[in-house]
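The values are calculated or read from the model by the stated rules, or taken from the named source; none is laboratory data. As the structure is a prediction and not an experimental result, all values here were calculated from the model. Cβ placement follows ideal geometry from the backbone for every residue including glycine, while neighbour counts extend to all protein chains displayed. We work out accessible area using only protein heavy atoms, side chains counted, and drop any ligands, DNA or RNA first. Shrake-Rupley method; radii C 1.70, N 1.55, O 1.52, S 1.80 Å.
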Amino acid sequence: MKILFFITEDWFFCSHFIERAVAARDAGNEVVVLTHVGESANAIRAAGIRVIPLQIQRRSFNLLREARVIYAVWKAYKNEKPDLVHQVALKPILYGTLAARFSRIKAIVNAPVGMGYVFSSRTFLARALRPIVQLALRSLLNPPGSKVVFENSDDVEWAISSNLVRRDSATLIRGAGVDLEKFCPRAKATDLPLVVLSARMLWDKGIREFVEASAILKSRGIQARFILVGGVDSDNPTSIPEAQLEQWAKEGVVEWWGHQINMADVLEQADIACLPSYREGLPKSLIEAAACGLPIVTTNVPGCREVVEDGIQGLLVPERNALALAEALARLISDPALRARMGASARARAESEFGKDAIIDQTLKLYREIAP
């Protein structure tokens, strides 16, 4: 069959879906991607997958511009005539499901992946948009014949209780999966603990709390390095200005390494992984850290707690609480034996639950179930 992925950013497709797309193609399907074309489009083409450019902006709320995007999506669906569409994140779900209805495409996989800015942020704009988006999702998230993929069990139950999804249509597939051979435990080269936060540089990832926790620990004389790894995402409303990141680094509160292509090499240097996010689907950075045998400090929120059992693979802390974050980090920094024990448990869980082969198999099985 012909499978069309609709996703807002080519880099996110490369990060989270390209391995599944390649596996679908290798299974005998034709695969195409409808996305905003940036620097990652060539990597998609190099994998043997055709890219259809789309002028879509995640941050845009201009009604005329968005109407043009919806028309372009409908035109692409009409021309391509896919047997199945896999639509990732809110705009592709809303726009793509409308286009699918008018194109008579019934095999739809919708993937909210963490519900995004509208549901995680406390800004006025996000709170104003939330009831409107929820109303739209009631009509478009789970049309007849569709399946809805969630990355954590909290989002499954929330969507069902909110009457957004029928229980028999909800499917749990935990994230993008991790390459367990590439991401694996390795001996550390330094005695000074490295605490690494890997994410896009967004306020909603808990970057402020991480910086504040670092300052608290440094004021106590606790010796460790605190590293931010990730690039600026200017299209996201909660993006942190580059000048702010550079200022923190200049002050010596944290180090900012920017975007890194080879995260296995970064995590090889780390002793503790940290992600004090406000909400996630299933954070890829945490399952990569778990596969590397790192203990994890993260927030007790949907997505993050799907990776970590408190006191087993790491420590869970309340969101938006820099002091609690500092206390948890201090506990692991001061106790190498505890780090080793939790890290071993994290690796074991990654092996049993988050390997990429299992995620690929679950996704292809879902395609077969709803294929026309």
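Hydrodynamic estimate: the Kirkwood radius of segment 140-260 over Cα pairs, inserted into Stokes-Einstein at 25 °C and 0.890 mPa s, corresponds to D of 139 µm²/s. In this structure, the amide hydrogen of V37, modeled 1.01 Å from its nitrogen in the peptide plane, lies closer than 5 angstrom to those of L54, counting only residues at least 5 positions away or on a different chain. GNM remark for the chain: springs join alpha carbons under 10 Å apart, and the peak mean-square fluctuation among A273, A215, A46 falls on A46.
A Förster distance of 51 Å, applied to the separation of the beta-carbon atoms of D335 and A371, puts the FRET efficiency at 0.50. Based on C-alpha pairs under 8 angstrom that are at least 6 apart in sequence, segment 184-239 has a relative contact order of 52 percent. Most tightly packed first, judged by the mean number of other beta-carbon atoms within 10 Å of their residues, the peptides 153-160, 243-250 read 153-160, 243-250.
Straightening the chain between R68 and A43 buys 6.3 nm, computed as 0.36 nm per residue apart minus the Cα-Cα spacing. The relative contact order of the chain, computed from alpha carbon pairs under 8 Å that lie at least 6 residues apart in sequence, is 15 percent.
Across the cross-link table entries K106/K205; K91/K188; K91/K218; K78/K182; K2/K91; K78/K205, which are compared at the Cα atoms, the separations over 32 Å belong to K106/K205; K91/K188; K91/K218; K78/K182; K78/K205. Site pair Q244 and E30 shows an inter-label distance of 4.6 nm when each label is modelled 7 Å from Cα along Cα→Cβ. According to the calculation over all Cα-Cα pairs in the chain, the P(r) per 10 Å bin from zero is 5, 24, 33, 24, 11, 2, 0 %. Entry note, the chain: the mean residue ellipticity at 222 nm calculated from DSSP H runs of n ≥ 4, each adding -39500 (n - 2.57), is -13500 deg cm²/dmol after division by the residues and rounding to the nearest 500.
Of the accessible area of segment 253-372, with the probe set at 1.4 angstrom, what percent is carbon plus sulfur? Ligands and nucleic acids excluded, carbon and sulfur reach 48 percent. Based on alpha-carbon atoms, the Kirkwood radius and the radius of gyration of segment 1-94 give Rg/Rh equal to 0.95.
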